[in-house]
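Structure, as C-alpha cells:
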Amino acid sequence: MTRMLSIMLAMALCLPMVACEPSLTGPAEEPPVQQDPPPPPYTFVVENTADKYSDTDGTMLAVYNYDILRMQTSESAGEDVIAKAAAFNETMDGVLESQLGDELREWAVYDERIKESKVYYTDELTVQYTEVGSFVSVVYDSYSFTGGAHPTSHAFSYLFDMEKGTFVDPSEIADDPELLRATVTDLILDQINGMDQEMRDGLFENYPSVVSQWNNHCVELREEGLLVTFSAYDIGPYAMGALGFDIPYTSITGALGEGGADRLLGAPAEQ
C-alpha cells in the first residue's frame with residue numbers, strides 16, 4: 001500500500017512538468033489574410049433609355065425603349081483599355097442616335113387610327129453580348145411599329161476585337177477572311193439545300209448572292225460556333241420571318257487559320 005501511494009505521488013508531481021514543457025513546434029501560425037482580387041479593368045453594362053407619350057385625353061401615342069451596351073473602365077484600367085472603351089462606346093452611341101426616339105411622337109400625333117385602334121407606335125431595342133476568345137460579339141434585336149400593315153423586326157450585330165481595340169468584319173476573325181467567307185457561304189447553302197422543297201421555293205431568287213455576303217448581316221459568335229441570321233426580307237418574304245444558320249467552329253477551324261483559331265478558340269487550327 002505504501003509503495004502504491006509513492007508511485008501515485010510521483011506521477012502527480014510529474015504532471016505539471018509535462019504541462020509546462022515548451023512546445024517543440026512553436027506558436028501556431030495565423031492563417032494569411034484573404035485579400036479580395038483587384039477589380040477587372042473593364043466591364044460591360046446595359047444602359048436603358050425609354051420614354052412614352054400620351055395625348056391630352058390620356059390616349060397612349062408612342063413608346064420607345066432602348067437597351068444599349070456600353071464598356072465601363074475601372075480605376076485600375078490602363079490607357080490602352082480606356083482607349084478601347086472610348087472606341088467601343090462611340091459606336092454604341094451611334095446605335096442610340098440612329099433610333100427614332102422623339103420622332104415617334106411627332107409621327108403619332110398625326111395618325112388618327114391610333115385613337116380608333118388603341119394601338120400606339122412602338123420602337124424597341126434589346127441587346128445581348130458574348131465574349132469569345134479576344135472578341136466581343138454584340139447583337140441587337142430591333143422591333144418597331146409605326147402604323148404600317150405589320151410591325152417590323154430586324155437583327156444586326158457588331159464584333160469588337162479586344163486585341164486591336166476596334167470593330168471588325170466577322171470574316172476578319174480568320175487569317176484569310178475571303179477563305180472563311182467562302183467556307184461559311186457553302187455551309188449555309190448546304191443547310192438551305194437540306195430544307196424541304198416548299199421552304200426553298202419561298203426564298204427570293206437572289207438568295208445565293210445574299211448568302212455569299214453573310215458577313216454583312218447579323219453574325220453572332222457563340223461558345224460553340226457562329227449563328228448567322230438573315231432578317232425578314234433578306235432572303236425571303238416577311239411571312240417566312242428571320243432565318244438563322246448555326247455554323248459550328250469544328251466545321252471552320254481549318255478556314256480560320258492558325259492565328260484565327262488561337263484568337264477565337266485559344267487552340268491551333270486543325271490541319
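The values are calculated or read from the model by the stated rules, or taken from the named source; none is laboratory data. All values derive from a computational prediction rather than experimental measurement. Glycine also receives a Cβ, built like all others from the backbone with ideal geometry; neighbour counts cover every protein chain displayed. For the accessible areas, the whole protein counts, side chains as well, though only heavy atoms, and no ligand, DNA or RNA atoms are used. Shrake-Rupley method; radii C 1.70, N 1.55, O 1.52, S 1.80 Å.
The C-beta contact set for the stretch 239-264 (first residue free of Cβ contacts under 8 Å to residues at least 60 places away in the same chain, second residue assigned to a helix (DSSP H, G or I) and open to solvent by 60 Å² or more (accessible area, probe 1.4 Å), distance under 7 angstrom, 6+ apart or interchain) comprises PHE245/GLN191; TYR249/LEU265.
Can you confirm whether the stretch 27-49 contains a residue that is open to solvent by 30 Å² or more (accessible area, probe 1.4 Å), touching a Pro at 6+ places or on another chain (Cβ under 8 Å) and at pLDDT below 90?
For the stretch 27-49, residues open to solvent by 30 Å² or more (accessible area, probe 1.4 Å), touching a Pro at 6+ places or on another chain (Cβ under 8 Å) and at pLDDT below 90: absent.
Are any of the residues in the stretch 184-196 at pLDDT 95 or above, in contact with a strand residue (DSSP E or B) (Cβ under 6 Å, 6 or more places away or on another chain) and open to solvent by less than 20 Å² (accessible area, probe 1.4 Å)? Checked the stretch 184-196: at least one residue is at pLDDT 95 or above, in contact with a strand residue (DSSP E or B) (Cβ under 6 Å, 6 or more places away or on another chain) and open to solvent by less than 20 Å² (accessible area, probe 1.4 Å). None of SER212, SER231 is on the phi < 0 side of the Ramachandran plot and open to solvent by 20 Å² or more (accessible area, probe 1.4 Å) except SER212. Would you pick out the residues in the stretch 168-183 that are touching a helix residue (DSSP H, G or I) at 6+ places or on another chain (Cβ under 6 Å), within 20 Å of VAL132 (Cα to Cα) and of a type outside the set (Asp, Glu)? Across the stretch 168-183, the qualifying residues are PRO170, SER171, ILE173, ALA174, PRO177, LEU180, ARG181.
Of all residues being closer than 21 Å to VAL132 by Cβ, touching a helix residue (DSSP H, G or I) at 6+ places or on another chain (Cβ under 9 Å) and not aliphatic (A, V, I, L, M) in the stretch 234-247, which is surrounded by the most Cβ atoms within 10 Å (Cβ to Cβ)? Just the residue, please.
Of the stretch 234-247, the ones closer than 21 Å to VAL132 by Cβ are 244-247.
Filter again for touching a helix residue (DSSP H, G or I) at 6+ places or on another chain (Cβ under 9 Å), leaving 245-247.
Remaining after also requiring not aliphatic (A, V, I, L, M): 245-246.
Working: PHE245: 19, ASP246: 15.
Per the stated criteria, the residue is PHE245.
Would it be correct to say that LEU221 is buried (at least 17 other Cβ atoms within 10 Å of the Cβ) and either among the aliphatic types (A, V, I, L, M) or at positive phi (or both)? Taking the combined requirement at face value, the residue satisfies it.
Do we have TYR249 as modelled with pLDDT of 95 or more and more than 26 Å from SER153 (Cα to Cα) here? Criteria met by TYR249.
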